[in-house]
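Report on the following structure.
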Amino acid sequence: MSFKNLIFIFLAFISIFASPLFGLDLLLLKPYKQSYINDIKKYLVSEKLDGVRAFYDGKNLLSKNGNDFNFKTSFMQGFPPFRLDGELYSKKDSFEGIVSMVKTASPNHNLKYYVFDVPDAKGSLSERLEVLKDYLKKHKVPNIIVIDQVRLTSFKALDSMLKDIKAKGGEGLVIRKDKAPYTTFRNDFNLKLKPFLDAECRLLNYTLGIEAFKAGKGAMECKMESNLTFKIGSGFTKALRKNPPALGSLITYKYYSLTKNKIPKHAVFLRVREVE
């Protein structure tokens, strides 16, 4: 085994077992570049769902910040005694409805828990998911769905799959190396591929004041994770202008590249991330 692989395994071990949050640090996806992948056949590809991230700790469903969603036990009927990572999702173009169900802890029959990893299971990604599949064969669990993972043979097939997902109104793809462990830091083995890039920022201010924003003027001033600030000036609906988010809100925006100063180009408002 190479020194590089030993270091990777050590970091994976630390990320899972030495975290002060223990179990609340989640898998992170890095924006895709073809140069990150030597052999696409060693990766598994799935659709990236536009839902609410949820971590099951063996007893409760938690938000990515560790807050309990407080779902009734009936929703988690038959859930396993081991941890899962996934997404609360119902159908395409229903993000606002999903957020509403999560915030009010009132899921309807369409909401399911789509699982993409079993963090504590041994082996490759496909082997870890097989642990859950075996459990589901033996137990009645109506609200868990294992996300389909596809092994592709070429980058051309990857492009074709992305086009198909886009045509059906999907968000994009997740590309993960099959023989990599579950990790909680960004790396070349866990990637996301979208027609555009997206990120989150904190709303600092309204450039012309909130009343001007309500009147259709001005932009949002936001702070990135890097502490750099920038403006979002488009993507606002009339309803959002009328009822703008509070300062300090977490905003999701899309962009197409970064400037040489690491500022998003052509940032467009997507939504308020109300569930934390």
Problem - Residues located in the stretch 229-246, provided they are touching a residue at least 12 places away in the same chain (Cβ under 8 Å) and of a type in the set (Val, Ile, Thr) - result: Thr229, Ile232
Practice task
Scan the stretch 119-137 and give yes if some residue there is over 26 Å from Lys177 (Cα atoms), out of contact with any Phe, Trp or Tyr (no Cβ under 8 Å at 6 or more places or on another chain) and free of Cβ contacts under 8 Å to residues at least 12 places away in the same chain, otherwise no.
Solution key: no
Exercise for the section: Please enumerate the residues belonging to the stretch 72-88 that are within 24 Å of Arg271 (Cβ to Cβ) and open to solvent by 20 Å² or more (accessible area, probe 1.4 Å). Expected result: Glu87
Problem - Residue list for the stretch 100-118, filter: closer than 19 Å to Lys64 by Cβ and open to solvent by 10 Å² or more (accessible area, probe 1.4 Å) - result: Ser100, Met101, Lys103, Thr104, Ala105, Pro107, Lys112, Tyr114, Phe116
Fill in the blank from the handout: By residue number, the members of the stretch 124-172 that are in a loop (DSSP other than H, G, I, E, B) and under 23 Å from Phe75 (Cβ atoms) are His139, Lys140, Val141, Pro142, Asn143, Ile147, Asp148
Practice task
Count, please, the residues in the stretch 217-266 that happen to be modelled with pLDDT of 95 or more, open to solvent by 40 Å² or more (accessible area, probe 1.4 Å) and of a type in the set (Val, Ile, Thr).
Solution key: 1
Practice task
Only strands (runs of 3 or more DSSP E) wholly contained in the stretch 185-276 count here; list those with 2 or more residues that are closer than 21 Å to Leu173 by Cβ.
Solution key: 190-193, 197-206, 250-255, 268-272
Handout entry: Top-ranked residue of the stretch 41-65 - restricted to ones that are open to solvent by less than 10 Å² (accessible area, probe 1.4 Å) and not in a strand (DSSP E or B), ranked as nearest to Asp120 (Cα to Cα)
Key = Ser63
Exercise for the section: Considering only the stretch 127-149, state which residues are exposed (fewer than 14 other Cβ atoms within 10 Å of the Cβ) and under 23 Å from Ile37 (Cβ atoms). Expected result: Glu127, Asp148
Problem - Any chance Ile37 is at negative phi, at pLDDT below 95 and of a type in the set (A, V, I, L, M) - result: no
Exercise for the section: Determine whether the stretch 165-184 contains at least one residue that is without any contact (Cβ under 8 Å) to a residue 24 or more places away in the chain and open to solvent by less than 70 Å² (accessible area, probe 1.4 Å). Expected result: no
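The values are calculated or read from the model by the stated rules, or taken from the named source; none is laboratory data. This is a predicted model, so every value here is computed, not measured. Neighbour counts run over all protein chains shown; Cβ positions are idealised from the backbone, glycine included. Surface accessibility is based on the protein's heavy atoms, side chains included, excluding ligands, DNA and RNA. Shrake-Rupley method; radii C 1.70, N 1.55, O 1.52, S 1.80 Å.
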